[in-house]
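Following: one structure in structure tokens, then a few remarks.
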Amino acid sequence: MLRSWSGSIAVVLVAAVAALVVASAFGYVGAPGVTEISNRIVAVDDETTTIETNITVRNPNPLGVSIDGATIDYGVRMNEVAMASNRRTGLRIGRGNSTLSFRTEMRNERIPEWWVTHVRNDERTVLRVDADAGYRGVNATFEGPTVEREIRTDIVSGFNSTQTRPINASQPFVPDPILYVNETSAQWGEVNESATPIRTSFVVYNPQSVPVTVSELGYDIRMNGVRVGQGSTNREYVVGPKQTQRIDATAVIRNGRLDEWWVTHVRRGEVTTLTIDFSAAVRLPGDVRVDLPLEDVQYSQTVRTDVFGSETTAGQTNGSSASSEATADGSGSDGSTSDNSTDNSSTSNGSAGNNTDTTNRVSNTDLEAQRRDNSTLLGATVAATASPNLQWPTTFLPRPFVYRVHATE
């Protein structure tokens, strides 16, 4: 009797599980779907920048599922320069809302290559974040949500000025002001892999009764205190008495120093103070040399970015914890690497709760609104697009292929 009763229960349980799997495969049971994606920079050191990605999945079914063969490939591109990539294998989805978290390391040495494209593109960058999925044994890739952001800066235009500034020698027997700078202007030169030239121009007036020869014009470029360029011109300009002369000089940013600058930029919350200090050497009649610091011509500009539209928390303590772990494949591509030792986790709360995280989130409901508004966020225009297939049976688990699903508590 007992054996018959136990056997009946086993048959019923097996049938129930089989029915659940079949129903899910054919869409009769609610399919898990991606509801939110967020990215933020959480750490930076001399070599790498760590990007944290959180993908929120809603599972409407009464049981959690674990899918062995599914993979998620994540990539970040800036003006088509591959900055970072990672792969997540094995998906465990709890009941209700689950957050799949993983971290990707971007090599800072990619920054100079991106910088060249940014300057060539009139200080404009299109950031693209892709999350594509596949299934082991299936020769196909299924696109997940795609997020695009437009990042703009304006670095050199602030140097354009028609303000008249006196240049004083502050030396005995030299009448001040020795010169006036009536106008300054700047524009980008022809950028290449190693150097970014800034073509500057000064309109100078000589109030003296004797000619003044500008024999040298020096520059020192710093970004957050990191010296990225230094040099001087080797052309002489003679400014006649009571006359005006245009003086051209090219300041050069050495792109090889930009990865060092990037670390300071991230640590300061994606804020950079760029300064260009100028100095000049002039020669008066009698071969008298006078060195001028040109303090009133110093250029300073604050540059802000918001790469992921989220709060950069590099250098801050991350107090979040994960309740379950998943496997991450540490393979990377295009010069980028991923970190096997970082937190690759999935957390679930069983219901849709209130999340107070400050990171930018792209949800199914607001993707279209963001696309319509194309609103400006901290100087960076955001435009998000998504694949029309956001439900995992079509996006991540291709039909009619058979895939292994494990019911979990």
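3J(HN,Hα) along region 101-115, derived from phi through the Karplus expression 6.51 cos²θ - 1.76 cosθ + 1.60 where θ = phi - 60°, amounts to 10, 8, 10, 10, 9, 9, 6, 4, 5, 7, 4, x, 5, 5, 4 Hz, with x in place of Gly and Pro. At 7 Å along the Cα-to-beta-carbon direction for both Ser201 and Asn182, put a label point, then send me their distance in nm to one decimal. Spacing of the two 7 Å Cα→Cβ label points: 1.4 nm.
A straight chain from Thr162 to Arg124 at 0.36 nm per residue would run longer than the Cα-Cα distance by 11.0 nm.
Calculated FRET efficiency, Thr302 to Lys242, Cβ-Cβ distance, R0 = 41 Å: about 0.60 to the nearest 0.05.
Just so you know, all these numbers are worked out from the coordinates, no wet-lab data involved. Quick caveat: nothing in here was measured; it's all calculated off a predicted structure. Neighbour counts are summed over all protein chains in view; Cβ atoms, including those assigned to glycine, are modelled from backbone coordinates with ideal geometry.
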